[in-house]
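Let me begin by presenting the structure, written as structure tokens, before commenting on it.
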Amino acid sequence: CVVASFRRPALPSGEALPLSALEHIATMLAISRLDAPYPGLEIVKQTCTPASLAEFAWDLFEAWIAAGAPSKEGWAFSALGLLGDDETARRLAPRIREWPGESAHARAVAGLDLLATLGSDVALMHLNGIANKVKFKALQERAKEKITLVAQTRGLTAAELADRLVPDLGLDASGRLELDFGPRQFFVAFDEALKPFVKDAHGAR
């Protein structure tokens with residue numbers, strides 16, 4: 001249920017929505033599916049700031065977990081995929097990795113769907129990370145299936161998608177990062193062993 005202690009979605013002006021509006025948003029979430037959100041949610045997303053919606057969804061999720069994660073209220077979990085952001089993915093991924101060890105394999109698999117639904121590079125990077133390494137093999141296999149499916153929908157192989165998800169760390173196309181100190185410039189790059197090094201503007205290390 002929606003409670004007054006939840007962080008409320010906010011307008012770009014910073015004004016928070018009234019509590020009565022939260023009940024309506026919760027109803028929209030309850031009748032939505034990840035693959036078929038209630039159309040009114042799009043209006044909510046256009047009206048409120050993304051970060052405030054993500055925080056509201058996270059509070060819903062935490063309340064659902066605190067209530068014992070009742071399956072009939074699973075929409076409070078799905079809300080993370082419908083209203084979440086990159087920070088949601090960062091918070092959710094460690095939980096997904098832990099849940100199989102807490103007899104919550106099905107919840108972990110559902111979490112993979114949420115990461116895929118979020119679909120951002122950050123979310124898919126975490127999904128791919130689980131596909132590559134997690135101590136629960138059944139979960140790893142499901143993550144591999146999910147990342148392959150996501151790649152196919154983008155016309156890529158799983159390997160090609162994984163390559164695109166590698167963080168660029170701010171490096172340019174040539175693999176360098178310029179550090180500008182006014183009269184002095186330096187360039188950070190990586191050698192063949194992927195060890196970083198710094199060169200000055202004249203190319204001296």
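Rundown of residues vs (1) of a type outside the set (S, T, N, Q); (2) modelled with pLDDT of 80 or more, yes/no style:
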site	(1), (2)
104	yes, yes
118	yes, yes
132	no, yes
158	yes, yes
170	yes, no
181	yes, yes
185	no, yes
188	yes, yes
194	yes, no
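Tell me which residues, restricted to the stretch 101-130, are open to solvent by less than 20 Å² (accessible area, probe 1.4 Å), under 19 Å from residue 62 (Cβ atoms) and not small (Gly, Ala, Ser).
Within the stretch 101-130, 114, 115 meet the criteria.
Just need a number here: residues in the stretch 180-205 that are loosely packed, with under 10 Cβ neighbours inside 10 Å and among the aliphatic types (A, V, I, L, M).
Number satisfying all stated conditions: 3.
Can you spot a residue in the stretch 106-116 that is in a loop (DSSP other than H, G, I, E, B), of a type outside the set (D, E, K, R) and either under 16 Å from residue 22 (Cα atoms) or modelled with pLDDT of 95 or more (or both)?
Going through the stretch 106-116, the residues in a loop (DSSP other than H, G, I, E, B) turn out to be none.
There is no residue in the stretch 106-116 that is in a loop (DSSP other than H, G, I, E, B), of a type outside the set (D, E, K, R) and either under 16 Å from residue 22 (Cα atoms) or modelled with pLDDT of 95 or more (or both).
Can you find a residue that is within 30 Å of residue 137 (Cα to Cα) and outside any helix (DSSP H, G or I) anywhere in the stretch 81-102? Spell out how you get there, then give the answer.
So in the stretch 81-102, the residues within 30 Å of residue 137 (Cα to Cα) come out as 81-102.
Subsequent filtering for residues that are outside any helix (DSSP H, G or I) retains 84-85.
Yes, that holds for at least one residue.
Does residue 51 qualify as being of a type in the set (A, V, I, L, M, F, W, C), open to solvent by 20 Å² or more (accessible area, probe 1.4 Å), under 14 Å from residue 6 (Cβ atoms) and assigned to a helix (DSSP H, G or I)?
Working: of a type in the set (A, V, I, L, M, F, W, C): yes; open to solvent by 20 Å² or more (accessible area, probe 1.4 Å): yes; under 14 Å from residue 6 (Cβ atoms): no; assigned to a helix (DSSP H, G or I): yes.
Spelling it out, it is not the case that residue 51 is of a type in the set (A, V, I, L, M, F, W, C), open to solvent by 20 Å² or more (accessible area, probe 1.4 Å), under 14 Å from residue 6 (Cβ atoms) and assigned to a helix (DSSP H, G or I).
Across the stretch 1-24, what is the number of residues that are modelled with pLDDT of 95 or more and within 23 Å of residue 115 (Cβ to Cβ)?
So the answer is 1.
Can you name the residue in the stretch 131-148 that is among the charged types (D, E, K, R) and open to solvent by 80 Å² or more (accessible area, probe 1.4 Å) and is also nearest to residue 164 (Cα to Cα) among such residues? Spell out how you get there, then give the answer.
Filtering the stretch 131-148 for residues among the charged types (D, E, K, R) gives 133, 135, 137, 141-142, 144-146.
Next cut, open to solvent by 80 Å² or more (accessible area, probe 1.4 Å) only: 133, 135, 137, 141-142, 144-145.
Working: 133: 18, 135: 25, 137: 24, 141: 21, 142: 21, 144: 16, 145: 18 Å.
My answer is 144.
Any residue at all in the stretch 66-74 that's in contact with a helix residue (DSSP H, G or I) (Cβ under 8 Å, 6 or more places away or on another chain), among the hydrophobic types (A, V, I, L, M, F, W, C), assigned to a helix (DSSP H, G or I) and open to solvent by less than 50 Å² (accessible area, probe 1.4 Å)?
No, the stretch 66-74 contains no residue that is in contact with a helix residue (DSSP H, G or I) (Cβ under 8 Å, 6 or more places away or on another chain), among the hydrophobic types (A, V, I, L, M, F, W, C), assigned to a helix (DSSP H, G or I) and open to solvent by less than 50 Å² (accessible area, probe 1.4 Å).
Quick check on the stretch 25-37: of everything there that is within 19 Å of residue 115 (Cα to Cα) and not aliphatic (A, V, I, L, M), which residue is surrounded by the fewest Cβ atoms within 10 Å (Cβ to Cβ)?
35
Taking the stated definitions as given, is residue 17 farther than 25 Å from residue 106 by Cβ and among the aliphatic types (A, V, I, L, M)?
Criteria met by residue 17.
Counting only residues that are under 19 Å from the mean Cα position of the chain (by Cα) and under 16 Å from residue 6 (Cα atoms), how many does the stretch 25-48 have?
2
State the number of residues belonging to the stretch 117-137 that are in a helix (DSSP H, G or I) and more than 25 Å from residue 72 (Cβ to Cβ).
Within the stretch 117-137, the subset in a helix (DSSP H, G or I) is 117-118, 121-132, 137.
Of the ones still in play, those that are also more than 25 Å from residue 72 (Cβ to Cβ) are 121-132, 137.
Count: 13.
The values are calculated or read from the model by the stated rules, or taken from the named source; none is laboratory data. Quick caveat, the model's predicted, so the values are computed rather than measured. A quick note on method: Cβ atoms are made from the backbone with ideal geometry, for glycine too, and the neighbour counts reach across all protein chains shown. Heavy atoms of the whole protein, side chains included, go into the accessibility calculation; ligands, DNA and RNA do not. Shrake-Rupley method; radii C 1.70, N 1.55, O 1.52, S 1.80 Å.
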